[in-house]
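Below: the structure, in structure tokens.
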Amino acid sequence: MGVSWLKRHDEVVRGRHLDGPLSEEQLTEFEKNGFLFIPGFLDEQEVEEYRRELDALLARDDYRNRDFTVTEPSSDEIRSLFAVHFLSQKFHKLTEDPKLVDSVRQILGDEVYVHQSRVNYKPGFEGKGFDWHSDFETWHAEDGMPRMGAISASIVLTDNHEFNGPLMLVPGSHQAFIPSLGETPDDNYKSSLKKQEAGVPSKEVLARLIERNGIQAPKGKAGGLLLFDCNTMHGSNANMSPDPRSNIFFVFNRRDNAMQEPFGAKKQRPDFLAHTPDQRWRDL
């Protein structure tokens with residue numbers, strides 16, 4: 001397969017010896033598929049509280065034209081707010097919730113910090129999709145993340161069904177690193193956060209990967225938690241339903257895997273996209 005397909009060297013699950021909420025069966029499932037969906041991670045009251053917090057953030061006009069805000073490609077509707085645990089004390093406390101952090105540590109096997117946080121909102125009928133990609137490609141090339149020592153935790157605040165653009169993942173794809181050809185454009189994040197064109201796999205390689213492994217789209221009631229490896233191939237369709245789709249999204253990275261110099265870009269992305277281990281609350 002040449003340079004288009006490289007076997008993963010980093011261990012996937014490193015914390016089986018640690019106590020936490022995840023069972024041995026769940027750890028094995030994560031190791032095999034590169035993701036794990038946990039229904040009912042938040043109860044109905046918690047979902048409602050976090051949904052109100054999300055609505056309050058999205059309603060702030062002073063956030064609409066800020067660097068940490070991403071709007072829909074064809075409108076000024078807010079699509080994502082980054083560094084959300086710095087914008088909201090409620091979301092900041094969630095990053096320290098033991099049932100979340102201990103689950104992450106069971107997989108990564110060491111102390112962690114928040115490399116990135118955001119809330120995503122995909123409005124009914126108008127929310128656009130996102131092309132297939134592996135997050136590690138960007139975090140390695142543009143942020144300087146050395147190894148595959150990070151996982152994403154996505155908590156859904158609205159029911160996820162097949163019509164409102166749920167996240168799709170390729171099971172087992174975390175075991176094959178697919179490098180992207182060509183140079184990373186300067187300030188690539190300014191366009192890639194709306195529509196990612198650099199750092200995505202070729203259609204030919206992607207077709208072979210999906211032919212071998214298939215596609216899964218975990219769906220369920222609001223309050224579910226999706227954990228997925230930094231190298232798992234994923235993407236989403238547009239929201240074709242009247243039902244909005246929203247989620248809280250935290251990336252946890254091992255502290256010993258903190259950023260170095262970028263491996264494929266001239267400079268690192270801004271710190272609202274890629275935090276350091278000891279970055280503190282500040283006025284964005």
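The values are calculated or read from the model by the stated rules, or taken from the named source; none is laboratory data. Quick caveat: nothing in here was measured; it's all calculated off a predicted structure. All Cβ positions, even for glycine, are placed from backbone atoms using ideal geometry, and neighbour counts span all protein chains on display.
Annotations
Here is a yes/no grid of residues against (1) surrounded by fewer than 18 Cβ atoms within 10 Å (Cβ to Cβ); (2) of a type in the set (Asp, Glu); (3) within 22 Å of the chain's Cα centre (by Cα):
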| position | (1), (2), (3) |
| --- | --- |
| Val12 | no, no, yes |
| Arg16 | yes, no, no |
| Glu25 | yes, yes, no |
| Lys32 | yes, no, yes |
| Pro39 | yes, no, yes |
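- Flag for Arg280 being of a type in the set (Lys, Arg), closer than 25 Å to Glu77 by Cα and assigned to a loop (DSSP other than H, G, I, E, B): no
- Some residue of the range 62-72 being touching a Ser or Thr at 6+ places or on another chain (Cβ under 6 Å) and surrounded by 13 or more Cβ atoms within 10 Å (Cβ to Cβ): yes
- Within the range 196-217, being touching a strand residue (DSSP E or B) at 6+ places or on another chain (Cβ under 8 Å), modelled with pLDDT under 95 and of a type outside the set (D, E, K, R) holds for Gln196, Gly199, Val200, Pro201, Leu206, Leu209.
- Screening Phe228 against (1) under 17 Å from the mean Cα position of the chain (by Cα); (2) in a loop (DSSP other than H, G, I, E, B); (3) crowded, with 22+ Cβ neighbours inside 10 Å; (4) not β-branched (Val, Ile, Thr) leaves a single unmet condition, (2).
- Restricting the range 91-120 to residues that are under 22 Å from Asp43 (Cβ atoms) and basic (Lys, Arg), the residue that is surrounded by the most Cβ atoms within 10 Å (Cβ to Cβ): Lys99
- For the range 4-45, a tally of residues being within 27 Å of Gly214 (Cα to Cα), part of a loop (DSSP other than H, G, I, E, B) and not basic (Lys, Arg) returns 12.
- Taking the range 65-83 as the range and being among the charged types (D, E, K, R) and at pLDDT below 85 as the test, the residues that pass are Glu72, Asp76, Glu77, Arg79.
- Scanning the range 31-77 for residues that are within 25 Å of Cys230 (Cβ to Cβ) and hydrophobic (A, V, I, L, M, F, W, C) yields Phe35, Leu36, Phe37, Ile38, Phe41, Leu42, Leu54, Phe68, Val70.
- Among the residues listed as Ala258, Ala265, Ala274, Ala238, the single one being at negative phi, at pLDDT below 90 and of a type in the set (Gly, Ala, Ser): Ala265
- Counting only residues that are surrounded by fewer than 18 Cβ atoms within 10 Å (Cβ to Cβ) and out of contact with any helix residue (DSSP H, G or I) (no Cβ under 6 Å at 6 or more places or on another chain), the range 147-167 holds 4 of them.
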